[in-house]
Structures are given as structure tokens and as C-alpha cells.
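One structure is given below, encoded as C-alpha cells.
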Amino acid sequence: MTKLKENIQHYIEKKIIPHYQTFDSAHNIDHIRTVIEESLKLAQYYEVDINMVFVIAAFHDLGLTNGRENHHIDSGKILENDVLISSEFSEEQIKIMKEAVEDHRASNKHEPRSIYGRIVAEADRIIDPNITLLRTVQYGKDNYPDLDLESQYERFCAHLKNKYSENGYLKLWIPYSSNAEKLDELRKIINNEELLRKTFEELYNTHSLSK
């Protein structure tokens, strides 16, 4: 496996990651660092360019600058047009990275077009019941601040069931990740109405205190 180039690492750390300070709590610097770390872990199982994996993970949510709806497409455009990235990678590599960023979104109807897309998509899932539930509460409060507690809870439940339930749209792509086991744990919480409500209220109140 290739090694990370120091100039790319420095550029990502100084010029790219700081953008995530401006995003909502569910897509902040903690999130991007987690996705980068998990992407690099998964990359060890494949013959891939670690620098490409690193860049894809770092750029995957930058499009949130323009809003959430098309952020995966906008993120790909930002990567494609980045001057430093264009100087370090070939046109074919940039095309692969752009497509991987576009393919990371869980709600996409199509399968990632390359192993790079599968890696970042899997890393972005971050299926840890505690983290997933917290991020869902945080996203609701940050983006829908006018909703009262009951409306927040309705949004919370609808999102979790639509995405993570047995019939949800989320797909897993990498057999080496721990997401499958964690997803099963999360579904047990989602299917337990009493536990789900209790968990929501605890996280909701804790997030209120931390604001």
C-alpha cells in the first residue's frame, strides 16, 4: 500500500478539515476525523492508493457549504476543481475520487462505482448506536430549531426507521467493518418504543445543556 504524502496531509489538515467547523453538529470536525480514520482502516484490506482514500474521506461532506440536498454532488465538484488536488493526481484518479465522493451518500439508489466509493460510504455510516442516535438528535435540533420536543421526536423516529430499520434504505458495502453487528444493536433500540423514547429524551436534554 502507498504511504500518505506529507504535503497532502498538511494541506488537508490546514485547508480542508477546518471547513467542518462551520457545519452542523452531526457533520463537524469530529465526524470528518472519524470518517477519515475509518476509511484508512478499511483501506488496509484492499490494493488502493491511501492518498486517494484520504482525500475522498476529507472532501466527502464539503458540499454542505451549499446545503444538504445535493451536498454529495457539490462535494465532488469541489474536489475536482481543487488546485492542489489537480496537481497531485491524474485525471483518472480525480475522476475516481469525484465519483467516490458522489457515491458516499446512504440514500443513493445506486451502488458505489468503485472500491473507493465503497470504502468512504461504509466509513461514513459510523453505525455505533450511541453516536448514530446522538447525531440524529443533533441534526434535528441544529436544522429544525423551531420544532418542539414532540415534533423533534417524530422527526427522530421517522429518520431512524426510514434509514436504519430492516426495510430502510441504508446499505453496507464492506465485510470487514463492524457496522453489521452495530446495525443489529441499533435496530433493537429502534424496535423498542419505550427504550427509544427514553434514549431520545436523555440525548435531547443533554444536547440542550451543551449548547
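Odds and ends about this structure:
- Top-ranked residue of the stretch 60-95 - restricted to ones that are in a loop (DSSP other than H, G, I, E, B) and charged (D, E, K, R), ranked as nearest to THR34 (Cα to Cα): ASP61
- Residue within the stretch 25-35 that is closer than 22 Å to ASN179 by Cα, in contact with a Gly (Cβ under 7 Å, 6 or more places away or on another chain) and modelled with pLDDT under 95 present: no
- Extreme residue, modelled with the highest pLDDT, among residues of the stretch 179-211 that are among the hydroxyl-bearing types (Ser, Thr, Tyr) and open to solvent by less than 70 Å² (accessible area, probe 1.4 Å): THR199
- Residue match in the stretch 77-86 (condition: touching a helix residue (DSSP H, G or I) at 6+ places or on another chain (Cβ under 7 Å), of a type in the set (D, E, K, R), at pLDDT 95 or above and open to solvent by less than 50 Å² (accessible area, probe 1.4 Å)): no
- HIS104 in contact (Cβ under 8 Å) with a residue 60 or more places away in the chain and either surrounded by fewer than 23 Cβ atoms within 10 Å (Cβ to Cβ) or closer than 28 Å to TYR176 by Cβ (or both): no
- Annotation note: of ALA158, ALA121, ALA180, ALA106, the sole residue that is assigned to a helix (DSSP H, G or I), small (Gly, Ala, Ser) and under 24 Å from ASP49 (Cα atoms) is ALA121.
- The residue list LYS161, LYS188 contains one member that is in contact with a Gly (Cβ under 8 Å, 6 or more places away or on another chain) and either of a type in the set (S, T, N, Q) or on the phi < 0 side of the Ramachandran plot (or both), which is LYS161.
- Filter pass, PRO175 being under 19 Å from THR34 (Cα atoms), loosely packed, with under 13 Cβ neighbours inside 10 Å and without any contact (Cβ under 8 Å) to a residue 60 or more places away in the chain: yes
- For first residues located in the stretch 126-146 and closer than 15 Å to GLU185 by Cβ and among the β-branched types (Val, Ile, Thr), partners that are part of a loop (DSSP other than H, G, I, E, B) and open to solvent by less than 10 Å² (accessible area, probe 1.4 Å) and lie 6+ apart or on another chain with Cβ distances below 9 Å do not occur.
- Residue within the stretch 39-49 that is among the acidic types (Asp, Glu), under 18 Å from ALA123 (Cα atoms) and in contact (Cβ under 8 Å) with a residue 60 or more places away in the chain present: no
- In the stretch 161-169, the condition of being open to solvent by 50 Å² or more (accessible area, probe 1.4 Å) and more than 30 Å from TYR45 (Cα to Cα) is met by at least one residue.
- Of the residues making up the stretch 42-83, those that are within 21 Å of PHE23 (Cβ to Cβ) and aliphatic (A, V, I, L, M) are VAL55, ILE56, ALA57, ALA58, LEU62, LEU64, ILE73, ILE78, LEU79.
The values are calculated or read from the model by the stated rules, or taken from the named source; none is laboratory data. Just so you know, these numbers come straight off a predicted model, no measurement behind them. Neighbour counts are summed over all protein chains in view; Cβ atoms, including those assigned to glycine, are modelled from backbone coordinates with ideal geometry. Areas reflect the complete protein model, heavy atoms only, side chains present, ligands, DNA and RNA absent. Shrake-Rupley method; radii C 1.70, N 1.55, O 1.52, S 1.80 Å.
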